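Everything below concerns the one structure shown next.
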Amino acid sequence: MADASRGSPGARRIGGTLELSFKEIASVQGIVKAVAELQLASGEVEPPTDDQVALARSAGAHEGTPAASAPPAGGASVDTAAGPSMHALGLPEPKRRRFQAVKLDNNAIESLAGLGPVLARVVSDPAGVKLLDLSFNRLSVGMASDIAAAGCEGLLKLYLHGNAVESLGEVVALAETCPSLRALSLHGCPVREHPAYRPFLVATFPNLVTLDFTPVTPAERDAAVSWRKMTKVKVPPVAPPPS
């Protein structure tokens, strides 16, 4: 798991945007550490005391777990799916903030497993996140269930271009999870090569305004809906997420 550099302009909070682009984050659990580091660098939070660090590490050792997985000092529990205790790593626990956009583009994330517990540690209102940028990662399956578990069904914009999504089943699952989506991007993914890709997606997402940053016109929507009614498209079941 790559670290986020303190003070790096690539890991910062800009108004309602949590920007963690180009941080080489290898899993969603790395988000918590990156946010803790950016808040520490900006002065939003104070570093933990030596006693807090020692207590967190000793708690982990007492429980027979790695120090990095120890709960934070003060008795607060940390869902292991949300990543390690920050105190055990010598960092402050991050403050939860309200964000309308979360940008995790250009990292190395292969799975969104644990996204719910992770967002619960850094975002005060996951339902208020309207844009999720996951472009240029290594995602392929399981996105819909993890986004739903994170409480982000109200997303309006979802960017997945430059990933490894190849199944229309994944796309259908996203439509069921995020019915309000107005912008979706999947160009650069293998699924883009499906011969029925665009009309199928336009017909599947009823509120889509742009697909791959190209506007969906009323005429195109009408044609796609009519085509969908007359055409059978084989949609494979959603594959299990990578272990």
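Our coupling estimate for the range 103-109, obtained by passing each phi through the Karplus curve with A = 6.51, B = -1.76, C = 1.60 and θ = phi - 60°, is 10, 10, 6, 6, 10, 10, 7 Hz, Gly and Pro reported as x.
Given a cut-off of 29 Å, name the pairs among Lys103/Lys234; Lys95/Lys130; Lys95/Lys157; Lys130/Lys232 whose C-alpha atoms lie farther apart than that in the structure shown. Flagged as over cut-off: Lys103/Lys234; Lys130/Lys232. For Arg97, the amide hydrogen comes within under 5 Å of the amide hydrogens of Val123, Ser124, counting only partners 5 or more places away or on other chains and with H modelled in the peptide plane.
For the range 130-243, the residue among Ser226, Phe213, Ala175 whose Cα projects farthest onto the positive side of the dipole built from Cβ charges is Ser226. Beta bridges assigned by DSSP with both partners in the range 126-243 are antiparallel in approximately 20 percent of cases. Whole-Hz Karplus values for the range 218-224 come out as x, 5, 5, 5, 4, 5, 5 Hz, taken residue by residue from phi with 6.51 cos²θ - 1.76 cosθ + 1.60 and θ = phi - 60°; glycine and proline positions read x. Spin-label pair Gln100-Thr210: with each label point 7 Å from Cα along the Cα-Cβ axis, the two points sit 1.5 nm from one another. Couplings 3J(HN,Hα) for the range 142-157, derived from phi with the Karplus relation 6.51 cos²θ - 1.76 cosθ + 1.60 (θ = phi - 60°), are x, 5, 4, 5, 6, 5, 5, 5, 7, x, 9, 5, x, 4, 9, 9 Hz, where x marks Gly and Pro.
All of the numbers you see were taken from the coordinates with simple rules; none came from a lab. Everything numeric in this text was worked out from a predicted model, so none of it was measured. All Cβ positions, glycine included, derive from the backbone under ideal geometry; neighbour counts span all protein chains shown.
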